[in-house]
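Data block below; observations after.
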């Protein structure tokens, strides 16, 4: 059977021009609405991803400081890194931060000789340097480090604090906690070594104020009742909330504001 084919090139029919190349107003509004919804959905996820990255960076800072303190211990006959070797506030070389950053009595006031370079322990202080440089700066803290002795309320030496009760040393009030050796730490996994601290002036260690020296709001952009990174002497980091911190008893079994600061070791 023969099929007939129509040659459309010689036909008289004409194709109507299409108008589908342009958006209508309704279609444009739909696209804008979809983009708005996607943006609203993605922004919280993006913010969460950024905070996760900052948390990781913060944890890495604490691990670097912990490693540096272990190197100090190995160098000085098993003695733990002290919070301070004297009670004079403006002696950087005698504080735990200065000890890890190779600050000497001769270079105590010369920033160019110690502040911006990596120390023999592998850390950089970063006072008055571009924000977030160095291991003593938490990337989630809004206030950068500085050293302004003329106004102690705004001086911020570090965003991390050392545990005075574990490491021993002098605090600004004049009280002295005995120095300690590694062999005297009964349970390293329970002994909190360093934590995220408040940024107001003068504080550089966890002191007798207990919980007041911990900065719990850095990593919680929603409620302010956040969690804090804590480095323990065995090297592990725990992210803890206030209720968890308050539930930990000291080595002697006491439950008070100093419980976690005195856990894992006997008082000397």
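Readers should treat all values here as calculations from the given coordinates under stated rules, not as data from a laboratory. What you are looking at is a predicted structure, and each value in this text was computed from that prediction instead of being measured. We place every Cβ from the backbone using ideal geometry, glycine too, and count neighbours over all the protein chains shown.
The table that follows gives values for the structure above.
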| quantity | calculated |
| --- | --- |
| Contour excess over end-to-end distance, with Cα ends at residue 88 and residue 184 and 0.36 nm allotted per residue | 31.8 nm |
| Computed lengthening from residue 120 to residue 257, 0.36 nm per intervening residue step minus Cα-Cα distance | 45.8 nm |
| Residue 267 versus residue 236: modelled label distance in nm, points set 7 Å from Cα along the beta carbon direction | 2.7 |
| Rounded FRET efficiency, nearest 0.05, which uses the C-beta distance separating residue 30 from residue 59 and R0 of 51 Å | 0.70 |
| Fewest-first ranking of 96, 157, using other Cβ atoms within 10 Å as the exposure measure | 157, 96 |
| Computed label-point distance, nm, for sites residue 78 and residue 220 using a 7 Å Cα→Cβ extension | 4.1 |
| Proxy reagent accessibility, fewest Cβ within 10 Å first, across 165, 93 | 93, 165 |
| Net lengthening on full extension, residue 71/residue 37 (0.36 nm per residue, minus Cα-Cα) | 7.0 nm |
| 124, 107 arranged by Cβ crowding within 10 Å, fewest neighbours leading | 107, 124 |
| Three-way shape call for region 34-262 based on the alpha-carbon gyration tensor, with the a/c threshold at 1.5 | oblate |
| Pairwise FRET efficiency - residue 244 versus residue 113, Cβ, R0 = 45 Å, nearest 0.05 | 0.60 |
